[in-house]
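Where a number appears in this text, it was derived from the coordinates with a stated rule and is not lab data. Because the structure is a prediction, the values reported are computed rather than measured. FYI the Cβ positions are ideal-geometry reconstructions off the backbone, even for glycines, and counts take in every protein chain you see.
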Amino acid sequence: MNFEFSEDQKLLKEQANGFLRDNCPPSMVRRVLESGEDHDPELWRKIAEMGWTATVIPEEYGGLGLSYLELAVIAEELGRAVAPVPFSSSVYLATEALLLAGSEEQKEAWLPRLAAGEVIGTLATSEGQGRPTAKDLQTEFKDGRITGTKIPVPDAGIADVCIVLAKSKGGASLYLVDMNQGKVKVNEVPTLDPTRGHGKVRFSGAKAERLGRAGQGMRLLNSILDRAAVLFAWEQVGGSDASLEQAREYALGRYAFGRPIASYQAIKHKLANMYVKNTLARSNCYFGAWALNTDASELPLAAATARVSAIQAYYFASKENIQTHGGMGYTWEFDCQFYYRRAKLLSVTIGSEAMWQDRLIAAVEQSNAA
C-alpha cells in the first residue's frame, strides 16, 4: 500500500499546528494542570469555532462532511500539543457511536450540537477492572431507564450526553443518556493526567433510549473501538513525535565537558531508538487511516496494529525524553511530564495494550483463515 496525505490535508495539518502553537502553548497546559481543572473551556470553544468537532459529521447534520483523513491530521496535532480538551471523548467516541448506530431522530437531536461543540459526549462501558463483557455487565436497562455504575468514564464531569453499554432482556445494547438529569451522579476519579478528567458515573433510573438494534451492543462497541483506535493512535503519534523533538532540542542545547550532550553516543542511541519506534507507529497509523477512511475489511487488523504500536512508541518516547533531560527531567518545572502523563493515560483510555494485542492476534487469525 502506497499511502500519503494530500496537499490539502498537509495544509490543514500546518494550519492546525499553527493554531495550537498560538492557543495551546505549554504554559497553558501547565496552567490547567496546576489549577486542578479537567480541561480548558476557552480552547474548546476555539476548536469548535475552527470546525474541528464537525469534521466528519455530514453536512445535513451541521457538519463539514470531510473524510477521516482530515480528522487524523487534526488528531495528530492535538496530540502534539497535549491539548487539554475533551476532543477524543466527544468526537472519536460519542459522535462515532451516533454516526454508526443512531436513528434519524437521534442524529438530528444530537449531531448538530456535537458538531458545534455546544454539547460534549462520551462513552461509558467499563465497570471497573477487566474488559466489559455481555455476561458480566451489571448496569441494566429496564422500562426506559438505566441503573448501574460505570468507572472510569472519560470527561464524565463535563459530558452532556453519554453512550452507555448495559444489559437488558434483549441482551447487551448501547443506550443514549442525557447526563443533565437528576438521576445521574458523577464523582471525579483522580488519574495520572488531571488535564483530561475522568469520573465515576452512577445511574439511578436515568431515562435512556436504545442506540442501534437490541442485543447488538458488543458488536457496535467493537466497531466504535476499532474506529476510535485509529484516531487515538494518530493522537499518540503526535505526542511521541513531540517528545522526540523536545529531547532533541534539549540534547543540542545542553553542554557537558564542553560538548553538546547530543554528540555523545548514548544520547544518539536514545534519540535514534525513539525515531525508529515513532516511524513504525506512523507507518501503522497510515494503514489505519486508509482502512478507516475506506471502511475496508482490514479495519480491525489495521486499528489494532496502529493502537499497539502507538501505545509503545508514545510511552517509550515520553520516558526517554525524561531520561535525556537527566535529573532535570523529573522536576515539576520541566514540561516532560505533560507527555509522560498523557502517554500513560491514552494507553488505557479505550482498553489496555494487552487487550489490543489480543484483538490484533484475533484479527490476524481471522485474516489467515479467510
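For the stretch 111-131, filtering for residues that are in contact (Cβ under 8 Å) with a residue 60 or more places away in the chain and either farther than 29 Å from Pro58 by Cα or hydroxyl-bearing (Ser, Thr, Tyr) (or both) leaves 2.
Residues checked against (1) touching an Asp or Glu at 6+ places or on another chain (Cβ under 8 Å); (2) of a type in the set (A, V, I, L, M):
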{"position": "Ile267", "(1), (2)": "no, yes"}
{"position": "Lys270", "(1), (2)": "yes, no"}
{"position": "Asp335", "(1), (2)": "no, no"}
{"position": "Ala343", "(1), (2)": "no, yes"}
{"position": "Ser352", "(1), (2)": "no, no"}
{"position": "Ala362", "(1), (2)": "no, yes"}
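From the residues in the stretch 248-269 that are of a type in the set (A, V, I, L, M) and over 34 Å from the mean Cα position of the chain (by Cα), which one is farthest from His325 (Cα to Cα)?
The extreme case among them is Ala256.
All of Phe287, Phe338 fail the test of being assigned to a helix (DSSP H, G or I), over 17 Å from the mean Cα position of the chain (by Cα) and hydrophobic (A, V, I, L, M, F, W, C), apart from Phe287. Tell me which residues, restricted to the stretch 92-133, are under 15 Å from Ile224 (Cβ atoms) and not in a helix (DSSP H, G or I). Selection gives Gly102, Gly121, Thr122, Leu123, Ala124, Thr125, Ser126, Arg131, Pro132.
Only one entry in Val177, Val230, Val201 is surrounded by 23 or more Cβ atoms within 10 Å (Cβ to Cβ), among the β-branched types (Val, Ile, Thr) and under 18 Å from the mean Cα position of the chain (by Cα), namely Val230. Specify the residue that is nearest to Leu176 (Cα to Cα); the eligible residues are those in the stretch 186-221 that are among the small types (Gly, Ala, Ser) and outside any strand (DSSP E or B). Checked the stretch 186-221; the qualifying residue nearest to Leu176 (Cα to Cα) is Gly212. For the stretch 26-54, the tally of residues that are surrounded by fewer than 14 Cβ atoms within 10 Å (Cβ to Cβ) and among the acidic types (Asp, Glu) stands at 3.
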